[in-house]
Structure formats: C-alpha cells, structure tokens
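A short write-up of the structure that comes next.
The values are calculated or read from the model by the stated rules, or taken from the named source; none is laboratory data. Here the structure is a predicted model, which is why all the values come from computation and not from measurement. Don't worry about glycine lacking a Cβ; one is built from the backbone with ideal geometry, like all the others, and counts go over all protein chains shown.
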Amino acid sequence: MKKTFDYIIIGAGSSGGVIASRLSENPNNNVLLIEAGNSFENIDDIPDVILKGMATGADWTGNQAIGTEFDWQYKAISNPEFTDMGVPRGKLIGGTSSINGQVFLRAIPEDFENWKSTGLDNWSFEECLNYYIKLENDLDFQNKYHGNEGPIPVKRHSLDSLLEDQLSFYETVQEMGYKSTDDHNHPYSEGVGPLPLNNPNGIRWSTGICYILPSLQRENFKILSNSICKKILIENGKQIGIELQNGEIYESGEIIISAGAIESPKLLMLSGIGNKNILENSEIKHIHQLEGVGENLRDHPAVELRWNASEQLNNNLSDVGAQKVALRYSSENALSSDRLDMVSVMRFQPGGMTADNLHFDKSDFGKTRVAITTGLFLAKSSGNLTLNKNNPLSRPKLNYNFLNNKSDLDRMIEGVKFNYEIARHNNFDSFRNELIAPMPEALEDEGLLVKWINSNVHTMHHISGTCKMGSLKDNLSVVDKFGRVIGIDGLRVADCSIMPDCVRANTNATAIMIGEKIADHIENGD
C-alpha cells in the first residue's frame with residue numbers, strides 16, 4: 001500500500017466511517033481509513049454476535065458482544081464508592097455502533113441551542129437537523145423532520161408487539177399523567193413511547209455495514225484494519241503524518257481523528273498535545289498546549305431498580321428485545337429547569353441469560369428479572385481522562401465523577417423513587433415479584449438510598465466531551481466549530497469527544513450526524 005493520502009481517518013466508528021465514506025465519494029480524494037480492530041470487509045464475514053441486533057442493551061443481558069475481542073473493555077471510576085465500572089466500546093469496523101443497543105434517538109433542539117450560545121454558530125438545531133435527515137431512512141414516518149433515503153434504516157416496535165412488562169410500563173406512565181408519543185425523534189416530543197431503533201429485520205445496521213462496506217469497491221478508498229495509531233507527527237504547528245504502533249509511517253494532507261471519546265484524547269496526548277504538566281508527568285514530550293484534552297468527560301449516569309419476575313414473561317418472548325420503551329420527562333427538582341433531563345427505560349432479563357459482568361452481580365443472572373433504568377439525560381457533573389503513567393500506550397484512566405453535583409444526586413433520588421412508584425402499580429402485579437435492588441428499606445431511608453445509588457451508578461455508554469468543541473475564549477476548547485484542532489494545521493477531531501456536553505439522547509445518531517457534518521466542512525474547505 002502506498003504511504004501518502006489526501007485524507008487519513010483514524011477510527012472506523014460512528015463518525016469516522018461516515019467521514020471516510022463521504023470523502024471517498026469524490027474520486028479526486030485518496031482516502032485511508034485506519035481501524036484498530038477487524039474490518040470484516042464482506043457482510044457474510046461478520047459474526048452473528050455483531051450482525052444480529054435483536055438482543056440489545058449494553059448494560060443488561062443479551063448483548064453477547066460485550067467482553068469479547070470486539071470490545072476495548074475499559075474500566076473506570078464511577079465515583080469513590082464504585083471504582084471498577086465497566087465501559088464497553090467497539091473495537092472493529094463500525095466502532096461502538098457495531099456492539100451497542102441500537103437506540104437511535106436524536107438530540108433535542110435545546111442541546112444545540114446551548115452549543116450555539118457558546119459561539120458555535122454553525123451548530124444550530126436547524127442546521128444539524130439537515131444531517132439527521134440525510135443519514136436516516138425512517139421506515140415509520142415521512143415528514144419534514146425525517147429522512148427516507150439515508151443509509152441508516154430506523155424503525156419502532158408497534159404497541160401490539162410489546163412484551164407484557166413494556167406495555168404495562170407504557171400504560172402505567174400515562175395513567176400517572178404523562179403524555180404518550182409515537183415518535184421520540186420529533187424535535188418537541190416528550191413522554192412515553194417505543195424507542196427508534198436501527199435494527200430492522202434483526203440486523204444491527206452499523207456504520208460499518210451502512211457506510212463503509214458499500215464504499216470499499218472505490219479505488220480511492222483503502223482501509224487498514226488491526227492497526228493502532230501510536231501518535232500524530234507534528235512539526236512547526238502542523239501535522240506531517242502518523243506513526244503506527246508497528247513503526248509504519250503514513251502521510252496525509254489532512255488527518256481526522258475519529259477514535260471515540262476515549263481513544264481520541266489519548267492519541268492527542270500521546271502526540272504531545274494537551275496539558276503540559278499532565279503530559280510531562282507521563283514522560284510524554286509536550287508539543288502543544290491545550291489543557292482541555294481529556295477534560296470535560298460527560299455521560300449519562302444511571303441505576304437500575306430490579307425485581308424478580310414471573311417466569312411467564314419467558315413464555316411470550318419475541319424479537320422485541322429488552323429495552324424498547326422509554327419515558328423522557330423533565331425533573332421537578334428546584335435546581336433543574338432543563339427540559340427532558342430525565343429518562344426511564346423499561347427492561348426485561350429473560351431467565352437463562354449469562355452475565356456480562358458490567359454492572360450486576362453474577363447472582364442476578366440465569367433468573368427472570370424486570371428492571372427500570374433511572375437515567376440523567378443532562379448531568380451537571382463532569383470527569384476526566386488521563387494517561388496511564390506506567391504505560392501511556394495502555395488503557396487510559398477514566399474518572400467519570402458521577403453525581404458530584406448536588407442537582408445530579410437529588411434528581412437521581414427523585415427518579416429512583418418515581419420508578420419505584422411506577423412498578424408498584426397493579427398493572428405490574430401479574431409478573432412483578434419482590435424488589436431485589438435496592439433493598440426495600442432503602443426507599444424509606446435516604447442515607448441507605450444514597451449509599452446504594454453511589455455504589456451502583458454507572459455509565460449509559462454515552463461518553464462525550466473529552467476534546468471539547470468551543471471558542472478560543474474557552475480554555476477547555478480543543479477544536480473549533482469545524483472540528484479543527486486549535487493551533488495545529490491539518491488535524492481535526494470528529495466524534496462524540498467534540499460535543500461540548502452530552503446530548504439529551506443516546507449518542508449514536510448524533511455521532512453519525514457529526515460525521516456527516518464534518519465531512520461536508522472538509523469538502524467545503526472550512
């Protein structure tokens with residue numbers, strides 16, 4: 001393979017795969033896509049554990065890709081009371097879109113208005129909506145808010161197909177006064193309804209399948225799999241190429257880092273870009289000061305209330321899966337005035353499943369359970385990412401710092417109690433047995449409840465913000481509004497790491513949107 005390209009994209013995930021595919025549409029662009037994992041260049045070669053998307057949910061049983069060779073298997077500090085939290089991320093073509101739960105939920109208009117207010121004037125909701133429309137083929141809706149010709153198929157399960165627990169949740173929440181919605185991706189929807197999913201016909205329609213594989217027949221598009229980038233080579237404020245861990249060097253007119261919210265800041269640090277004090281502490285030669293690299297780590301903290309359940313739920317299993325109905329609502333907490341800052345998701349664990357060893361005790365598995373997730377869709381706390389001092393090339397240290405903000409903890413308590421009331425409704429009586437987490441007495445003793453929450457609060461797998469996009473006035477900004485690394489010519493970052501804050505949604509759809517948008521900026525010369 002030749003060693004010089006017009007564009008090198010590092011990471012074949014939800015953003016990087018899109019950018020590589022779109023740039024290679026122009027036959028004048030010679031594009032190289034580098035992926036740390038397997039590229040599976042034929043759909044028939046993709047193993048069922050990746051290809052089949054009915055058993056979904058990265059934090060509940062059923063997702064058999066978690067903990068395999070296709071998962072980076074990071075560990076993190078959730079907070080001081082939970083220091084061994086699992087953080088699965090995809091290590092293969094399609095990135096995390098190849099191992100995730102396939103919830104294809106968009107950010108809401110207020111997310112982008114917040115971004116725009118910080119000086120990101122080209123990230124309005126109206127502009128971003130164009131890219132959400134471009135990327136999707138919505139099989140349920142045809143209107144001005146949805147696309148029907150994009151690469152990613154999206155569909156929702158019908159109400160008459162829902163499992164008993166999901167339908168009970170849907171009906172109970174409405175009886176408690178909340179609206180129903182048939183389209184969570186309508187910009188101004190709220191309430192309870194089936195989630196949009198990118199797994200029609202039981203296929204996990206990742207960016208690997210929908211963007212990369214169709215592009216591989218192009219002569220100007222090459223993919224280099226099972227290859228890890230060691231560092232970006234920089235001279236006089238400009239990137240001059242990359243060095244792989246095997247010592248090979250590739251040159252490019254422009255390099256786009258799309259390795260995700262963990263590996264992208266890590267690669268910048270390994271390249272000498274970041275906070276001087278932190279890098280020198282890891283014996284990395286400091287080249288360019290950007291103190292925000294690895295800071296501003298954002299995500300959605302969550303806990304699950306769990307009950308033993310009647311075995312009758314196993315008798316009616318279908319392809320609907322475990323997390324297909326959700327309630328999006330606004331907290332009543334006095335410290336929060338943000339719309340749709342909360343989410344509750346109904347989950348079901350069929351008996352006979354095996355442990356994924358992420359958030360739950362091994363004793364939970366093999367039995368029939370139901371659970372309701374309490375999630376903060378807009379957390380105030382933020383964490384950070386640093387290199388492993390003993391081995392900077394290894395997995396970085398992740399500290400999510402969950403619930404460090406009083407509003408976060410208060411809203412989590414509120415949400416747990418709210419979800420407990422939902423499941424106490426007599427609609428659940430036919431299948432809901434005893435509460436097993438937290439112990440019932442914790443619902444009467446706030447001290448016990450806080451201890452249980454802090455010991456169990458975990459990621460919803462939407463890590464973001466570690467290469468923050470912002471104005472030059474913001475000391476934590478790493479890239480500008482076009483994804484260009486501030487102070488380094490020819491280098492961009494484009495993935496969830498550039499989000500100023502984690503959007504109020506599962507992040508895969510927005511990661512793809514970012515890829516579409518940044519690809520256009522590159523082609524337009526921005």
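To keep it simple, each residue is scored yes or no on (1) among the acidic types (Asp, Glu); (2) under 24 Å from Glu295 (Cα atoms); (3) outside the structural domain of Leu167 (by TED's automatic domain parsing); (4) crowded, with 17+ Cβ neighbours inside 10 Å.
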| residue | (1), (2), (3), (4) |
| --- | --- |
| Ser394 | no, yes, yes, no |
| Val416 | no, no, no, yes |
| Asn427 | no, no, no, yes |
| Phe431 | no, no, no, yes |
| Glu434 | yes, no, no, no |
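Could you check the range 200-242 and list, in sequence order, the residues that are in a loop (DSSP other than H, G, I, E, B), of a type outside the set (Phe, Trp, Tyr) and under 30 Å from Ser161 (Cα atoms)?
Filtering the range 200-242 down to residues in a loop (DSSP other than H, G, I, E, B) leaves 204-206, 216-220, 225-228, 236-237.
Still in the running and of a type outside the set (Phe, Trp, Tyr): 204, 206, 216-220, 225-228, 236-237.
If the condition is that a residue be in a loop (DSSP other than H, G, I, E, B), of a type outside the set (Phe, Trp, Tyr) and under 30 Å from Ser161 (Cα atoms), then Arg204, Ser206 are the ones that fit.
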Pull out all pairs, ordered by first then second residue, where Cβ-Cβ is under 7 Å, the residues are six or more apart or on different chains, the first lies in the range 218-236 and is without any contact (Cβ under 8 Å) to a residue 40 or more places away in the chain, and the second is part of a strand (DSSP E or B) and aliphatic (A, V, I, L, M). Leu233/Ile240; Leu233/Ile242
Ile133, sole failed condition from (1) in a helix (DSSP H, G or I); (2) touching a helix residue (DSSP H, G or I) at 6+ places or on another chain (Cβ under 6 Å): (2)
So, in the range 1-40, of the ones that are aromatic (Phe, Trp, Tyr) and more than 20 Å from Ile514 (Cβ to Cβ), which residue ends up modelled with the lowest pLDDT? Phe40
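Give the number of residues within the range 380-410 that are assigned to a helix (DSSP H, G or I) and touching a Lys or Arg at 6+ places or on another chain (Cβ under 8 Å). Spell out the reasoning first.
As a first pass, look at the range 380-410 and keep what is assigned to a helix (DSSP H, G or I): 406-410.
Among the residues that remain, those that are also touching a Lys or Arg at 6+ places or on another chain (Cβ under 8 Å) are: 407-408.
Residues meeting the conditions: 2.
Could you tell me whether any residue of the range 162-183 is among the basic types (Lys, Arg), in contact with a strand residue (DSSP E or B) (Cβ under 8 Å, 6 or more places away or on another chain) and under 24 Å from Asp111 (Cβ atoms)? Before you say what the answer is, go through the steps one by one.
Within the range 162-183, the subset among the basic types (Lys, Arg) is 179.
The next check asks that each one be in contact with a strand residue (DSSP E or B) (Cβ under 8 Å, 6 or more places away or on another chain); those that pass are 179.
Okay, now just the ones that are also under 24 Å from Asp111 (Cβ atoms), so 179.
Taking every residue of the range 162-183 in turn, at least one turns out to be among the basic types (Lys, Arg), in contact with a strand residue (DSSP E or B) (Cβ under 8 Å, 6 or more places away or on another chain) and under 24 Å from Asp111 (Cβ atoms).
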Residues in the range 218-248 that are surrounded by 13 or more Cβ atoms within 10 Å (Cβ to Cβ), among the small types (Gly, Ala, Ser) and under 21 Å from Ile486 (Cα atoms): how many? 1
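I'd like to check something: does the range 372-389 contain any residue that is within 30 Å of Lys276 (Cα to Cα), modelled with pLDDT under 95 and not β-branched (Val, Ile, Thr)?
The initial filter retains those residues of the range 372-389 that are within 30 Å of Lys276 (Cα to Cα), namely 379-389.
Of the ones still in play, those that are also modelled with pLDDT under 95 are 388-389.
With not β-branched (Val, Ile, Thr) added as a condition, the list becomes 388-389.
Yes, because at least one residue in the range 372-389 is within 30 Å of Lys276 (Cα to Cα), modelled with pLDDT under 95 and not β-branched (Val, Ile, Thr).
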Might you check whether a residue that is crowded, with 24+ Cβ neighbours inside 10 Å, under 17 Å from Thr118 (Cα atoms) and either touching a residue at least 60 places away in the same chain (Cβ under 8 Å) or out of contact with any helix residue (DSSP H, G or I) (no Cβ under 8 Å at 6 or more places or on another chain) (or both) occurs anywhere in the range 503-526? yes
Residues of the range 60-84 being in a strand (DSSP E or B) and touching a Lys or Arg at 6+ places or on another chain (Cβ under 7 Å), in sequence order, are Asp71, Tyr74
